[in-house]
Amino acid sequence: MTAFQGLWKKEWKLSWLFHTLLISLGVLITAVVYLWLKAKGQEPFISIPLVIILTLHIFYLAGYLLFSLNKEGSNLHIWLHSPQSIHKMLGAKFLNGALFMVVSMIIFSALLLFLFFSSGELSFIFSDLVKGALIANGYIFYQAVVLGVFVLLLWSVYRLVNQYTGKWGLLLVLILAIGLMLVESWILDSGLMMTFNSWTEVKVDPSQLFPSIYDFFNNNYNVNELETVPFSYGENIVNILFSVFYYFVAAYILDRKVEV
């Protein structure tokens, strides 16, 4: 067994109950809502809670990291004195959380597609809906990782400043979080960023991306022409750069600055 496999095995033992309970809770809520809607003859509306549950996956990885890091926090001296590199230890946490998050997203996406379209009335747009679900889930996954790294940074800073500030540590971390978000917002709204966005902008034509859905709305609601939707990679690139920077700062703090 390699060192990373050992770390992964440890993460599995620490987290399997967390993931099982969280996913089971989502399935239970879905089942209760579906039975309630079925009694009213409104089964298609099950899509609303399922979309909400899928969207909430943005917080899945961050929530898991907080759970896992706080579990380690009670024995931080053992964790930080491990011969393994900080990147392997954090990597095992991110991989574990990301894999279970993907499993959960697959489960609820499948439920959404199956329950909403079990009648078969809209089966002809099924392939485009699967494509849309993949794109939406990909974006949710990306946002979950960005948020997860941000939470990792805040937790690391909290462990650092709490050594010196005690009960004021949480307030200082909250101020830091607000400050970082303001700085990011200022950069993203700057003139330089606007220029960068224009360079990385592409036009997305919904009628070509989802032709069967376009035909359905066109035939039923007389949507003759849809405008192209502008999409820029610039903001995402900057967010990824921020996340990489935040990750290495957090890893450095945990590896070199946190006293145990």
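The values are calculated or read from the model by the stated rules, or taken from the named source; none is laboratory data. As the structure is a computational prediction, the values presented were derived from the model and not from experiment. So basically every Cβ, Gly included, is an ideal-geometry build from the backbone, and we count neighbours across all protein chains shown. Heads up: the accessible areas ignore ligands, DNA and RNA and are worked out on the full protein's heavy atoms, side chains in. Shrake-Rupley method; radii C 1.70, N 1.55, O 1.52, S 1.80 Å.
Restricting attention to segment 6-41, the residues that are open to solvent by 100 Å² or more (accessible area, probe 1.4 Å) and under 25 Å from the mean Cα position of the chain (by Cα) add up to 5. Restricting 148, 138, 166 to those that are assigned to a helix (DSSP H, G or I), under 26 Å from residue 68 (Cα atoms), more than 24 Å from the chain's Cα centre (by Cα) and not aromatic (Phe, Trp, Tyr) reduces the list to 166. Considering only segment 165-185, I want to know if a residue exists there that is loosely packed, with under 14 Cβ neighbours inside 10 Å and touching a residue at least 24 places away in the same chain (Cβ under 8 Å). No - not one qualifying residue is present in segment 165-185.
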